[in-house]
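One structure is given below, encoded as structure tokens.
What follows draws every value from the coordinates through simple rules; no lab data is involved. It should be emphasised that the depicted structure is a prediction, and the values quoted were computed from it without experimental measurement. Virtual Cβ from ideal backbone geometry, glycine too; neighbours counted across all protein chains shown.
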Amino acid sequence: MIIVGYTRVSTQDQNLHSQIDALTVAGAERIFSDKITGKNSVRPGLAECMKFLQRGDTLLVYSTDRLGRSMTDVVTIVAQLGERGVQFKSLTEPFDTTTVGGELFFHICAAFAQMNCRIISERTRAGLASAKARGRLGGRPTVMTPERIQIARQMRAENATWETIGAALQVGVSSVRRALSDDPAQPEARE
């Protein structure tokens, strides 16, 4: 049962000294680090830290924004740790699952983070429904213009392969297939 630290800065130019010093003073026996933006979900130092942590250990961070890019991320990571019997503590915020009060505070914050996710989800669905009612469908605009569809139709009629058509039109094969499968004038697909 040891205290394991995790530090992160956003760029290679920044240094970790102040975080490492603070975690060391607080009792961290092993410290893992990343020099990468928090938006990047692939953080080798964090992955190594998560593998190293064992039941009874405590993960210590300088602040929660060093662990995750949002409160939702932090809640998810801390919940995963809790399932493994690993405690969590932040030096600069009242997150400390090793105490009853800290655990309560964390669960309250987790509930707010979950509520916020649901609110965002509801707003997104409402916005998509509103856009659909106005004739706008979600997603990225198609690269298959009417001209490209016509060319693809002609090439397919001449037994060109999907790959040949995609290369000629400088679009992906899946875009060609999708456009022609939605085209009622197109005969059955041939390989």
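Applying a length cut-off of 27 Å (Cα extent along the axis) and a mean Kyte-Doolittle floor of -0.5 to the DSSP H helices of the chain leaves 100-133.
Taking only the alpha carbons of the chain, we obtain Rg and Dmax values of 25.8, 74 Å in that order. Overall form of segment 1-64: oblate. Here a/c, set by the Cα gyration tensor axes a ≥ b ≥ c, is 1.5 or more, and a/b is not larger than b/c. Taking the Cα centre of the chain as reference, the dipole from Cβ charges on Lys and Arg (+1) and Asp and Glu (-1) amounts to some 600 debye. For segment 3-111, what are the per-bin percents of Cα-Cα distances with bins 10 Å wide, up to the bin holding the maximum? Per 10 Å bin, starting at zero, the Cα-Cα P(r) for segment 3-111 comes out as 15, 53, 30, 3 percent. Within a straight-line Cα-Cα reach of under 25 Å, K39 can be paired with the following lysines, leaving aside sequence neighbours fewer than 8 residues apart in one chain: K51, K89.
For segment 137-169 versus segment 54-71, the spacing of their alpha-carbon centroids is 49 Å. Note on the chain: helix-only mean residue ellipticity at 222 nm, from DSSP H runs of 4+ residues weighted -39500 (n - 2.57) and normalised by residue number, equals -16000 deg cm²/dmol.
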